[in-house]
Each structure stands twice: as structure tokens, then as C-alpha cells.
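The values are calculated or read from the model by the stated rules, or taken from the named source; none is laboratory data. Here the structure is a predicted model, which is why all the values come from computation and not from measurement. All Cβ positions, glycine included, derive from the backbone under ideal geometry; neighbour counts span all protein chains shown. Please note that ligands, DNA and RNA were not included when accessible areas were found on the heavy atoms of the full protein model with its side chains. Shrake-Rupley method; radii C 1.70, N 1.55, O 1.52, S 1.80 Å.
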Amino acid sequence: MHLYPFLRPLAFALDAERAHGATIRALKLMPTHAPPPLPASLRSRVAGLDFPSPVGLAAGFDKNAEVPEQMLSLGFGFVEVGTLTPRAQPGNPKPRLFRLVEDRAVINRLGFNNEGQPAAFARLQQCAHRHEVIGVNVGANKDSGDRIADYVHGVRAMAPVARYLTINISSPNTPGLRGLQDEGALEELLAAIQEVGVRNPVFLKVAPDLNPGDPERIVRAAIDHKIAALIVSNTTVSRPPLKSRLASEKGGLSGRPLKPLALQALRDFRAASGGEIPLIGVGGIETAEDAWDRIRAGASLVQLYTAMVYEGPGIATRIARGLAERLRGAGFANISEAVGSEA
Ligand SMILES: Cc1cc2nc3c(=O)[nH]c(=O)nc-3n(C[C@H](O)[C@H](O)[C@H](O)COP(=O)(O)O)c2cc1C
């Protein structure tokens, strides 16, 4: 896949959301094929699932589960679709997606625009025969009168077509949603999810903007309610120094400027959990070095989205191969031996 250097100027000539739509339409035309071969040292088992590579596609790129098989073909070790809400919803008014090119970043305030869980369910049924890991990220409708009920609904409804489920309570673009990370609300939410009793592993995705003590509290609630992994992290509402004139757009910031925050949040969750619950590192990962740092800081898997906008989909395989080299260099036979090894 060395086409992207030629395609990127075309995509960047369009506004960000149109470019994304064109990319999804082009990917839908792509025939799926076996993924590129990767070294066996990258294979691991996390939360009871088998991953051929620890480099996954983060939620938000394929919100409606239109191209998960294509993304696996392009070399992602796993793909998370969504966020999907019970009912279709339009999201926030446009423009709502911005490329901060000088910062290698994106700001989005999409607000869970998606076609709803039933439409995605039908598509995912077509992939049911695949042994690869396609996870489903679920959220609450903006106008929902009972957000916890929306998560319960999502987990129950999507479980038959999901290898894992992610509870996303960390998007900054649905007013009040991140309040579900607060003590009482989180407890109530996780108890309700546990009550559903699905067999699939359930992951919880958290924000990087946390107060002291939050990681310990979240880890405890997650372990108590049998959450299988924590995804650290979503986009940030903070604004580290940025060069782009779009820096003050409202929404969640992702990409390079999120990197130090997301790495610190991961270290905080590792310190709080001592390895008791698997962690998935996300936020600003652009290179094999970044992925390696996350793994040594305690991530069993990593995910990315924004770097793919700038580098193209070949990034998944490049990072995976770079990770295999680093494993060899450090004398580890398997990726799982490197997890948390910086401590
Ligand atoms: C345009 C865009 C849309 C996103 N939508 C979602 C979403 O629907 N659900 C979710 O959990 N995360 C969503 N995210 C967050 C990403 O999954 C990821 O956590 C974050 O972007 C940090 O990773 P990155 O720096 O590699 O992009 C979105 C990110 C972007 C850039």
C-alpha cells in the first residue's frame, strides 16, 4: 500500500468529513483479502481473545461497521466499530470535524452521528464467520431519557455479532456523558451491564482528562464488575499548545498533541491496577516507538485512528513490523512478555 502519498493531497483537498466519507466509500469497493503476514512474536491472547497483532483500529473511523473486513485486510490486528447508539442519530451540526495539519491532530465534535445499532448489526452478521476480532463500541443516544438503559440495550443487542463490547462513557461530545465516569454513576452503570450477563468480554473506554484518584476508583469498579479491559484513552477536551488556527474549535482533540497525556493516563492506570486488568493504549500513536512505549508502560494492545489520516492505512503493518524488531532487540520472544516491562 504505497498509494497513500498520492491519495492524501486529494483527500486533504476535501473538507475533513467529506474526505472521510469518500474514504469509506472507496474502502467498500476494495476486495478483502488475507492480511499481510506478521511475525508470530506479535500474537497474543488478551481478555480471552486471540490477536495476530496488538495494533488495532480505534473506534470512530468505522462508526457504522461498513468496512471492518477491509481494515483487517489492511493489516490491523483488530477493529473496533462504533460508537453505535440504539437508534440512528444525526450528530452535531456541521462543520464538526477539523484537521489540524500543522499539529498532526484532529478535533472532532461529531456527537455520535451513526446509523444505529440495527443497521450495523445486519452488516456485522455478514462477518460472523471470521475468526478475527471485530469489537463493537456502544453509546447512549443524545435524547435518551435513561442513558444506562441505552448501554444495557447496546450490550445485549450487539453481543451476538461482537467479539468484544466497549462501553464508551468518555466522548466529550454528548453533553453530560462523561459524568458516567463519576463514582455513583459508574457503579450503577457497571452493575447494570454485569446484570445483562453476556459472555463476551466487556471493555470500558475512559477519558484522559481525569482528577487525582480517578484511576484507582475506576480500576476498582471495573474489576468489581468483571470488566475485561480498560481502553485508555478517548480524545481530550484540554488544549496543549497547538499551532493550527483551528486550535480553538470545540470538541475532542486527538493525534500527536494527545500523546503525552494518553501515555501519562496509561501509566496512572497501570500504577492503579498493578497489571490486574489488561489495558489498551490509545492516543497519538504514530510510530512503532510510540506503540512500544505504550506496551512497556502496561498496554497489552494499542489502537490508533488520527495517525492513519496523515500516514494512510499502511501504518498498521509498519508499526506491527517495527514492534517485532523491538521485541527481538530487547530479547523478548513474545509481545506479552514486554507488557509493563518499563516498571
Ligand atoms: C473523528 C474521530 C471520531 C471518533 N469517534 C469515536 C467514537 O465514536 N467512539 C469512541 O469511542 N472514540 C472515538 N474517537 C476516539 C478514538 O477512538 C481515539 O480514542 C482517539 O482519537 C485517540 O486516538 P488517536 O490519537 O490515535 O486518534 C474518535 C476520534 C476521531 C478522531
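So Thr236 ticks every box in (1) in contact with a Pro (Cβ under 7 Å, 6 or more places away or on another chain); (2) at pLDDT below 95 but one. Which box is left unticked?
Answer for Thr236: the failing condition is (2).
Scan region 247-269 and report the pairs whose first residue is of a type in the set (S, T, N, Q) and whose second residue is more than 10 Å from the ligand (Cβ to nearest atom) and open to solvent by 10 Å² or more (accessible area, probe 1.4 Å), with Cβ atoms within less than 8 Å and a gap of 6+ or a chain change.
Final answer for the pair search is Ser248/Arg239.
Of the residues that sit in region 222-233 and are open to solvent by 20 Å² or more (accessible area, probe 1.4 Å) and of a type outside the set (Val, Ile, Thr), which one is nearest to Asp50 (Cα to Cα)?
Per the criteria, the residue is Ala228.
Only residues in region 11-23 that are in contact (Cβ under 8 Å) with a residue 60 or more places away in the chain and open to solvent by less than 50 Å² (accessible area, probe 1.4 Å) count as the first member; pair them with residues that are more than 12 Å from the ligand (Cβ to nearest atom) and of a type in the set (D, E, K, R), Cβ under 7 angstrom, at least 6 apart or cross-chain, and list the lot.
Glu17/Lys94
Assess whether Ile285 counts as being within 20 Å of the chain's Cα centre (by Cα), more than 14 Å from the ligand (Cβ to nearest atom) and at negative phi.
Against the criterion (within 20 Å of the chain's Cα centre (by Cα), more than 14 Å from the ligand (Cβ to nearest atom) and at negative phi), Ile285 does not qualify.
Among the residues of region 44-58, how many are open to solvent by 20 Å² or more (accessible area, probe 1.4 Å) and either touching a strand residue (DSSP E or B) at 6+ places or on another chain (Cβ under 7 Å) or within 16 Å of the ligand (Cβ to nearest atom) (or both)?
Residues in region 44-58 being open to solvent by 20 Å² or more (accessible area, probe 1.4 Å) and either touching a strand residue (DSSP E or B) at 6+ places or on another chain (Cβ under 7 Å) or within 16 Å of the ligand (Cβ to nearest atom) (or both): 1 in total.
For region 221-229, does any single residue satisfy the condition of being within 14 Å of Gly281 (Cα to Cα), touching a helix residue (DSSP H, G or I) at 6+ places or on another chain (Cβ under 9 Å), within 9 Å of the ligand (Cβ to nearest atom) and at pLDDT 95 or above?
no
Among the residues that make up region 324-343, is at least one of them out of contact with any Gly (no Cβ under 9 Å at 6 or more places or on another chain), farther than 20 Å from Leu72 by Cβ, open to solvent by less than 30 Å² (accessible area, probe 1.4 Å) and small (Gly, Ala, Ser)?
For region 324-343, residues out of contact with any Gly (no Cβ under 9 Å at 6 or more places or on another chain), farther than 20 Å from Leu72 by Cβ, open to solvent by less than 30 Å² (accessible area, probe 1.4 Å) and small (Gly, Ala, Ser): present.
Quick one: Val302 ticks every box in (1) within 30 Å of Arg217 (Cα to Cα); (2) open to solvent by 10 Å² or more (accessible area, probe 1.4 Å) except a single one, so which number is it?
Unmet condition: (2).
Working only within region 140-160, note down all residues that are hydrophobic (A, V, I, L, M, F, W, C) and surrounded by fewer than 21 Cβ atoms within 10 Å (Cβ to Cβ).
Once the filter is applied, which keeps residues that are hydrophobic (A, V, I, L, M, F, W, C) and surrounded by fewer than 21 Cβ atoms within 10 Å (Cβ to Cβ), region 140-160 yields Ile148, Ala149, Val152, Ala157, Ala159.
Residue by residue, here is whether (1) more than 14 Å from the ligand (Cβ to nearest atom); (2) on the phi > 0 side of the Ramachandran plot; (3) among the charged types (D, E, K, R) holds:
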{"residue": "Arg239", "(1), (2), (3)": "yes, no, yes"}
{"residue": "Ala262", "(1), (2), (3)": "no, no, no"}
{"residue": "Ala265", "(1), (2), (3)": "no, no, no"}
{"residue": "Ser273", "(1), (2), (3)": "yes, no, no"}
{"residue": "Ile280", "(1), (2), (3)": "no, no, no"}
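Can you confirm whether Thr287 is polar (S, T, N, Q), open to solvent by 20 Å² or more (accessible area, probe 1.4 Å) and within 18 Å of Phe78 (Cα to Cα)?
Yes: the conditions hold for Thr287.
Mind listing whichever residues of region 111-122 are of a type outside the set (D, E, K, R) and open to solvent by 20 Å² or more (accessible area, probe 1.4 Å)?
If the condition is that a residue be of a type outside the set (D, E, K, R) and open to solvent by 20 Å² or more (accessible area, probe 1.4 Å), then Asn113, Pro118, Ala119, Phe121, Ala122 are the ones that fit.
So, of the residues in region 210-220 that are touching a strand residue (DSSP E or B) at 6+ places or on another chain (Cβ under 9 Å) and modelled with pLDDT of 95 or more, which turns out to be surrounded by the fewest Cβ atoms within 10 Å (Cβ to Cβ)?
My answer is Pro215.
Could you please let me know if Ala40 is surrounded by fewer than 20 Cβ atoms within 10 Å (Cβ to Cβ), within 30 Å of Ala333 (Cβ to Cβ) and away from the ligand (no atom under 13 Å from the Cβ)?
yes
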